[in-house]
Structures are given as C-alpha cells and as structure tokens.
C-alpha cells in the first residue's frame, strides 16, 4: 500500500508539472514532495522507470525524461491508437446529453475567447479537454486499457504543459478541432468522428515536434 501510494503521488507530480522534464530529482527530494517514506519511494521507482516516467542515471540520481522526439512521438502515437479504438464505445455509452453539454461548453468558450482573450477561459477549456478524452477511454470499460491510458496521459500532459497549453491565441483552433469530432459523435457518425479525432491528435503531435499548422 505504501509503494502504491508513493507511485500514485509521483504520478500526480508529473501530471501537474511539479516535476519538470529534463530535471534531476533525488529520492530524498521525492520523499519531501510526496510525504512518502524513503523505502516506499525506492520500491516505486522501478515501476516508474518501466513506465518511462523516470530514468536512473548512475552516480547522478533520477531524471525526469526530457521531451525528445521519441518520447513525444511514442506518447502521441499510443494516444491515437487508444482513443480511436474508443470512439465507437463512447458514441454508444456516453449519453447524448453529455455530448450536447460538451458542445455547448466549447461554443461558450469560443464566445468568451473572442470577446475577452481570457486565460482563465483557456484553462477551463484545457481541463474539459483532458476530462473529455479520459471519458472516451472510460467508456470502453476495460481496466487494462484504462491503466495504459492513464500512464500515457501523464506523458501527454507533460508535453502539453511544456509546449501545447491552451491559450487565448490557440483556443479557437483547438475548440474547432474538438467540435469537429464532438458534433458527429452526438449524431452517431463514428467514421466522421474518428477522422476528425485523428486529425486533431496528429496536429498536436506535429506541433509538439516543432511544426506549424
């Protein structure tokens, strides 16, 4: 239980950006940051290494992985596979009222961004973004897929926090990409939703690798 708690807390630190990609961190620093015991931190590290979320550098300590090309590409390619596989289940199992609410929220975000260029609105949109994509995976009702997705989503969040956060300058494009798959999901058009979601994720990967749209 202590090892699991330590693992979960380190996941949260990575997910929230408290552990920055490319930086070194010691086991004792992780103790201070998590409130876990040193023993439980040591037991959790091999699992985090296996997940690709920490690296042990001999005689130097632990490093949070840098966002190199392989890290970013692998995370987004896995995300694409998992989320595309979930669209059919999401359309079948998520209530239409939920899709309608997500669409309405995006339309409201667009109005606010165009009127005020407000970062608070962009932050709210970012949270909805992550919650919505996680709900797609949850609709599959597959514990193994959910576990894999959770670890990968931490990697995606690390990339987003460093390079791809929603801002007043990109919110209109992102909202448009979301609406492009949410509207067909509401109407039950799985094929159209899959194509739009694939384009959205590939755009994010392209931007994360330094490209421009």
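Quick notes on this structure:
- Footprinting exposure proxy ranking of 28, 150, fewest other C-beta atoms within 10 angstrom first, gives 28, 150.
- Alpha-carbon centroid distance for the pair the stretch 21-87 / the stretch 117-183, whole angstrom: 20
- Taking the longest Cα principal axis of the chain as reference, the axis of helix 190-208 is set at about 50 degrees.
- When you restrict to C-alpha pairs under 8 Å that are six or more residues apart and normalise by the size of the stretch 69-208, the relative contact order lands at 40 percent.
- Taking other C-beta atoms within 10 Å as the exposure proxy, 24, 132, 33 rank 24, 33, 132 from fewest upward.
- Note on the stretch 1-89: the alpha carbon radius of gyration divided by the globular reference 2.2 N^0.38 Å gives 1.20.
- Convex hull of Cα atoms in the chain, direction-averaged projection (nm²): 12.4
- With Cα atoms, 0 to 90° folded angle of helix 38-50 axis to the chain main axis: 50
- The chain: angle of helix 171-187 to the longest principal axis, Cα-based, in degrees nearest 10: 70
Each value in this text was obtained by applying a stated rule to the coordinates, not by laboratory testing. In this text, all values refer to a predicted model and were calculated from it rather than measured experimentally. In this analysis, Cβ positions are derived from the backbone assuming ideal geometry, glycine residues included, and neighbour counts consider all displayed protein chains.
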